[in-house]
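Shown next, in structure tokens, is the structure this report addresses.
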Amino acid sequence: MERNEILSRVEEIFREELELDELTLNDETTADDVEEWDSLSHIQLVVALEKAFGIKFSSREILSWDNVGDLIDSIQNKI
């Protein structure tokens, strides 16, 4: 799966989970950039991403993410 395909799917999941139809993500997007992305929604996003991609993230991986680009890197390494 190409990186841009992963970003597109991740963006779709974020839009659904955060209920933001117009949300646009890029590699540099962080939780600080999206008001609805708080600690609770972060957990929901991780669970939704794991289900969508059929993968599991370790706590260490999750804590290492500084932005959406890091998240996509983790997904890409697992699929």
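The values are calculated or read from the model by the stated rules, or taken from the named source; none is laboratory data. From a predicted model like this one, the values you see are computed outputs, not experimental measurements. So basically every Cβ, Gly included, is an ideal-geometry build from the backbone, and we count neighbours across all protein chains shown. SASA here: full protein model, heavy atoms, side chains in, ligands and nucleic acids out. Shrake-Rupley method; radii C 1.70, N 1.55, O 1.52, S 1.80 Å.
Data overview
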read-out	value
Within the range 32-73, tally of residues that are within 10 Å of the chain's Cα centre (by Cα) and of a type in the set (Gly, Ala, Ser)	2
Per-region count, the range 1-24, residues in a loop (DSSP other than H, G, I, E, B) and of a type in the set (Val, Ile, Thr)	1
Whichever residue in the range 39-63 is more than 16 Å from ILE6 (Cα to Cα) and touching a residue at least 12 places away in the same chain (Cβ under 8 Å) and, among such residues, is least open to solvent (accessible area, probe 1.4 Å)	SER41
